[in-house]
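Q: I have a structure I would like to understand better, so I am pasting it below and will then ask my questions one at a time.
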Amino acid sequence: MMDSDLSPQDKKDLDKFIKFFALKTVQVIVQARLGEKVCTRSLSSPTGSDWFNLAIKDIPEVTHEAKKALSGQLPGIGRSMCVEISLKTSEGDSMELETWCLEMNEKCDKDIKVSYTVYNRLSLLLKSLLAITRVTPAYKLSRKQGHDYVILYRIYFGEVQLTGLGEGFQTVRVGVVGTPIGTITLSCAYRTNLAFMSTRQFERTAPIMGIIIDHFVERPFGNMGHMRPCNYRAPGEDEGAYNGVEDSQEVCTTSFSTSPPSQLYCSRLSYQPPVLVGAADFCHPSTLNAANPHQVTTQMGIPGKEGGVPQQVPVQPCHGAQAEHGRVSSCPPADHVPATPSSSGEGAETLSRSIEVKGVSPCDVLETTFTRKVGAFVNKPGTQVTTASLDLPFAAFAPRAYDLEENDPMVQPPESPATSSPLQGSLHSQGSGESGGPAQDDFVMVDFKPAFSKDDLLPMDLGTFYREFQNPPQLASLTIDVSSQSMAEDLDSLPEKLAVYEKNIDEFDAFVDTLQ
Amino acid sequence: MNCRSEVLEVSVEGRQVDEAMLALLHTILLHRSTGKFHYKKEGTYSIGTVGTQDIDCDYIDFSFVRVSSDELDRVIRKAVGEFKDAMGNGTDGMGQISLEFYQKKKSRWPFSDECIPWEVWSIKVNVVNLANEQERQICREKVGEKLGEKVINIVEVINQHEYLPKMPTQSEVDNVFDTSLKDVQPYLYKITFQITDTLGTSKTTWFCAY
């Protein structure tokens, strides 16, 4: 359908809906990867600032990034908006986890009503996005980010790039909404192969086309370039007020008509000054540790039931508004960011998550696997320490076969080189004075952190103890000093020994009697 | 208008029944709830805002999003609690909990209003008993993955954009929506369940209307 078939008002409204849908999509995705639970309140009365009748907070930085990526354009046919989620370890290795794509194809729905049906379906699509963002594998990873890795996001506009997701990536479609100018589709492609490779394999080539966001801002994890951390928190958020409130304020569509033919149109809304909406509780993203910018502490705020800032409900923008047949009024959307009350409440905790090999609990097995993968980052080609789980797609979500430990060389070190007899093996030992030996060097062990190994009292940790004593020296009584004796000498000494035994035979017999 | 019917099946351990049912029912209700309608003059109405919150399951490696409405949550929990009690604690069994969205059609006296379902979600639950902690641990993750698949299934169906009741006038709103809650407005729904006892294969149906 040609754009010219769409009334100017419909076109204007549709563009607005698409623009704010794109912005809200980005907010939902990034907020779902902050690593914390999100909580917003329902409001029985519309505020005029909640697009699509959903309480989705606007993080100013994210809105800014999204607008920068869009650069005044809208997602359209051949122009997709993508949000890329990556993981970056503290050692600098990174991996793309998923890419969310907001696209439009050429399939048009001429008969659909813009301001009613399209609007409501976009609302439904956002709800689906809220649900799906908790289901893809990156969600669990993002909930555990902190010390050893962080989740980053990048927004770009143009052609979709999925090559960084590795082989065998899966796609889930969130939903579609038909419009008179094309069908909006929202989908997610996510990585299934979580095995880390060397950083060289992850060097990214510049996209062929499209607007790329490139931010050279000081980051706690070093040069993250164009990626933004999902747990980064701009200064000033502690006060509960977002910075960067836009000057141009628009109120979003909240009013509809129930008149049968005009049921599909919304009423004209007037411009509203910025209002404070403090009713939505929001789990604050983590803060940077000022003392050590490389240490990110994840704060997990338990949302309080009551917001800190009382809600100020504006004058209902719909008063006096009249639904007009055949016209869709201009409904300038709300673009300001509402103030956020402190949601720490009494239950706020600070969790410092460090991924260590701590035990065999399932949560930790994921972490265990992860640490080993980090260990495999040592820049050595060829054989690396791998467990059976590293070959599995989404190893973290594979069944916890406890034979993992049986196959794991870090738990069951490889045996010493095969020898024909134990005796000969002992003859080749390094001697009683040395511990360890070549056996422990058969594999590369980096950052071996055995379970419960943390020990502040002794200078030696469990790992060191294990390495030093896994090849103890042979007992002296089992050692045959070949150089000092020969077979012939053994035979010569036999008659003397026999004579001694025969002389003392009575003693031996008496001893045997005591045993019976 | 034909009623759309969707069936979801899950196998869970006894202690996971509550959370698994809550996760799926709330996911469906998230998509089938709007903000409160406020009718004005000239036939216009405004819609309130629906908030959402993340819920972490204790017995399943899974998190889901539900509508921020304690009232709605209480109602659903009560229904799920009754379903679980009917299933029996810790015993093997099969059951089915159904979430039915319907419209009321006014009838003239002396006939009562007719309830016409337009969408029915049936969740078949198979409860298993596990022998040891290792199996339970595996079950935690497996059920979490399964629930994720079910959420994707739900979203696929919802986004087919099939029949939805027309937005009602003020006088008709109670025929389409449940307006009893203060903060959100789900479509009129009812929850029913039936239990199949593996011993006697007898079916017992409880009807639970909200």
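The values are calculated or read from the model by the stated rules, or taken from the named source; none is laboratory data. Since we're looking at a predicted model, the values are computed, not measured. Positions of Cβ are generated from backbone atoms using ideal geometry, with glycine treated the same way; all protein chains shown enter the neighbour counts.
Q: Any residue that is in contact with a Cys (Cβ under 7 Å, 6 or more places away or on another chain), outside any strand (DSSP E or B), facing chain B (nearest Cβ under 9 Å) and modelled with pLDDT of 95 or more - is there at least one of those in the stretch A:120-134? So that I can check it myself, show each step before the final result.
A: Residues of the stretch A:120-134 that are in contact with a Cys (Cβ under 7 Å, 6 or more places away or on another chain), as a first pass: A:132.
Remaining after also requiring outside any strand (DSSP E or B): A:132.
Next, only the ones that are facing chain B (nearest Cβ under 9 Å) stay: A:132.
Remaining after also requiring modelled with pLDDT of 95 or more: A:132.
The answer is yes; a qualifying residue exists.
Q: Name the one entry in B:SER171, B:SER68 that is within 14 Å of chain A (Cβ to nearest Cβ) and surrounded by fewer than 13 Cβ atoms within 10 Å (Cβ to Cβ). It would help to see each step written out before you state the result.
A: Details: B:SER68 fails: surrounded by fewer than 13 Cβ atoms within 10 Å (Cβ to Cβ).
Exactly one of B:SER171, B:SER68 is within 14 Å of chain A (Cβ to nearest Cβ) and surrounded by fewer than 13 Cβ atoms within 10 Å (Cβ to Cβ), namely B:SER171.
Q: Within the stretch A:69-92, is even one residue more than 22 Å from A:ARG228 (Cα to Cα), in contact (Cβ under 8 Å) with a residue 60 or more places away in the chain and within 14 Å of chain B (Cβ to nearest Cβ)?
A: Within the stretch A:69-92 (the criterion being more than 22 Å from A:ARG228 (Cα to Cα), in contact (Cβ under 8 Å) with a residue 60 or more places away in the chain and within 14 Å of chain B (Cβ to nearest Cβ)), the answer is no, since none of the residues qualifies.
Q: What strands (runs of 3 or more DSSP E) lie completely within the stretch B:1-69 and have 1 or more residues being without any contact (Cβ under 8 Å) to a residue 60 or more places away in the chain and closer than 25 Å to A:ALA138 by Cβ?
A: Values: elements: B:4-13, B:33-35, B:37-39, B:44-47, B:52-56, B:63-67.
In the stretch B:1-69, B:52-56, B:63-67 are the strands (runs of 3 or more DSSP E) which contain 1 or more residues that are without any contact (Cβ under 8 Å) to a residue 60 or more places away in the chain and closer than 25 Å to A:ALA138 by Cβ.
Q: Just the residues that are facing another protein chain (nearest Cβ under 8 Å) and of a type in the set (D, E, K, R), please, taken from the stretch A:48-62.
A: The answer is A:ASP50, and nothing else.
Q: Right, here's the next one. Looking for something surrounded by fewer than 20 Cβ atoms within 10 Å (Cβ to Cβ) and in contact with a Lys or Arg (Cβ under 7 Å, 6 or more places away or on another chain) - is there at least one such residue anywhere in the stretch B:75-84?
A: no
Q: With respect to A:VAL30, determine if the residue is touching a residue at least 60 places away in the same chain (Cβ under 8 Å), facing another protein chain (nearest Cβ under 9 Å), hydrophobic (A, V, I, L, M, F, W, C) and farther than 18 Å from A:LEU122 by Cβ.
A: Here the answer is no, as A:VAL30 does not meet what is asked.
Q: Take residues that are in contact with a helix residue (DSSP H, G or I) (Cβ under 7 Å, 6 or more places away or on another chain), at pLDDT 90 or above and within 27 Å of B:GLN16 (Cβ to Cβ) and tell me which of the strands (runs of 3 or more DSSP E) falling wholly in the stretch B:94-210 contain 1 or more. I'd like the intermediate steps shown before the answer.
A: Working: elements: B:114-128, B:184-186, B:189-196, B:203-208.
Result: B:114-128, B:184-186, B:189-196.
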